[in-house]
Amino acid sequence: MLEQPASLDRRSVLAAGGAAALGALSACATGRTASGAALLQNPELGFDAESGRYVLPPLPYAYDALEPHIDEQTMRIHHDKHHAGYVRKLNGALDALAKIRAGEIDSGLIDHWTHELNFNAGGHLNHALFWRSMAPPGAGGGGRPGGALAEAIDRDFGSFEAFQTHFLAAGGSVKGSGWGWLCYEPIAGRLVVTHMHNQENGLFASLVPLLGVDVWEHAYYLRYQNRRGDYLKAFMQVVNWGEVARRFDAART
Ligand code: MN3
């Protein structure tokens, strides 16, 4: 599905882990086009080609820019602690797998470190996309999409309202932690709404992620407590439809 990066080390890690999301990020960093993942060719998604390390991408706006919909304290903890943790553990998993290949760590731990690789690669990619899926209201956030994305939403869901109802219900119905998603399904060439658990990412299912909403409690509990539905409605007030449309265009090239 995705081209693998040129590095033999990373290729073997990916073959072991099947971390399609990570492969896409790596291909992005090397400037190569990965089928179905052209949207990931963006250095702002958190990879430093010079060091070969994944890095925490800065927020594209101030911590308090999404107030009152997403509060400043949640954004600080979510970005600086949670996302940073996924980046640190993703790099750590790659290091551990390299040591397994070198015989420095018991190969019996391959299952543990492969799980760590997939979980944290998903966590890193999901959040890197998430920050850029939002923008301050009145400065790119909120409203509704236009152009080809709007036409595709009408075609595949009937109307924007029907899409939104479906999208909020998909996110609201996640049992435990996970994400609601709008994805592009490249086989049929159509949009789909779905949800995924923990840090699963659509690239594992051949779906190109366009818009995800984090429904882990850390994303909303400080302001919304158990009212996930209220958080989801607030999220729609800060969706950056211009960025989602850019990803939609990239996914189809
Ligand atoms: Mn999160």
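The values are calculated or read from the model by the stated rules, or taken from the named source; none is laboratory data. Keep in mind that this is a model prediction, so the values were computed, not measured. Glycine also receives a Cβ, built like all others from the backbone with ideal geometry; neighbour counts cover every protein chain displayed.
Observations, loosely collected:
- Filtered by the rule that a residue be free of Cβ contacts under 8 Å to residues at least 60 places away in the same chain, more than 21 Å from Pro136 (Cβ to Cβ) and within 12 Å of the ligand (Cβ to nearest atom), region 50-90 gives Lys81, Ala84, Gly85.
- Taken together, Leu97, Leu125 contain a single residue that is closer than 16 Å to Arg53 by Cα and either aromatic (Phe, Trp, Tyr) or within 16 Å of the ligand (Cβ to nearest atom) (or both), which is Leu125.
- Qualifying residue in region 216-229 (condition: touching a Phe, Trp or Tyr at 6+ places or on another chain (Cβ under 6 Å) and within 16 Å of the ligand (Cβ to nearest atom)): yes
- Pairs with Cβ under 6 Å, 6+ apart, first in region 179-205 and free of Cβ contacts under 8 Å to residues at least 40 places away in the same chain and in the same structural domain as Ala121 (by TED's automatic domain parsing), second surrounded by fewer than 16 Cβ atoms within 10 Å (Cβ to Cβ) and part of a loop (DSSP other than H, G, I, E, B): none
- From the options Arg11, Arg32, residue that is in a loop (DSSP other than H, G, I, E, B) and at pLDDT below 95: Arg32
- When every residue of region 106-119 is checked against the conditions, at least one turns out to be assigned by TED's automatic domain parsing to the domain that holds Pro58, more than 19 Å from Val213 (Cβ to Cβ) and assigned to a loop (DSSP other than H, G, I, E, B).
- Filter pass, His124 being assigned to a helix (DSSP H, G or I), in contact with a His (Cβ under 6 Å, 6 or more places away or on another chain) and touching a residue at least 12 places away in the same chain (Cβ under 8 Å): no
So that you can scan it fast, the table gives a plain yes or no per residue for (1) basic (Lys, Arg); (2) surrounded by fewer than 15 Cβ atoms within 10 Å (Cβ to Cβ); (3) in contact with an Asp or Glu (Cβ under 9 Å, 6 or more places away or on another chain):
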| residue | (1), (2), (3) |
| --- | --- |
| Glu44 | no, yes, no |
| Tyr54 | no, no, yes |
| Pro57 | no, no, yes |
| Tyr63 | no, no, yes |
| Glu67 | no, no, no |
| Met75 | no, no, yes |
| His79 | no, no, no |
| Tyr86 | no, no, no |
| Ala98 | no, no, yes |
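- In region 45-52, the condition of being hydrophobic (A, V, I, L, M, F, W, C) and at pLDDT below 90 is met by at least one residue.
- Failed criterion for Gly212 (all others in (1) within 16 Å of the ligand (Cβ to nearest atom); (2) of a type in the set (Gly, Ala, Ser); (3) surrounded by fewer than 20 Cβ atoms within 10 Å (Cβ to Cβ) hold): (3)
- A residue that is buried (at least 23 other Cβ atoms within 10 Å of the Cβ), over 22 Å from Gly85 (Cα atoms) and within 16 Å of the ligand (Cβ to nearest atom) occurs nowhere in region 196-203.
- Taking every residue in region 237-250 that is touching a residue at least 24 places away in the same chain (Cβ under 8 Å) and pairing it with any residue that is basic (Lys, Arg), at least 6 positions away or on another chain, the pairs with Cβ-Cβ distances below 7 Å are Asn240/Arg132; Trp241/Arg144; Glu243/Arg132.
- Residue match in region 148-171 (condition: part of a helix (DSSP H, G or I), in the same structural domain as Leu211 (by TED's automatic domain parsing) and among the β-branched types (Val, Ile, Thr)): yes
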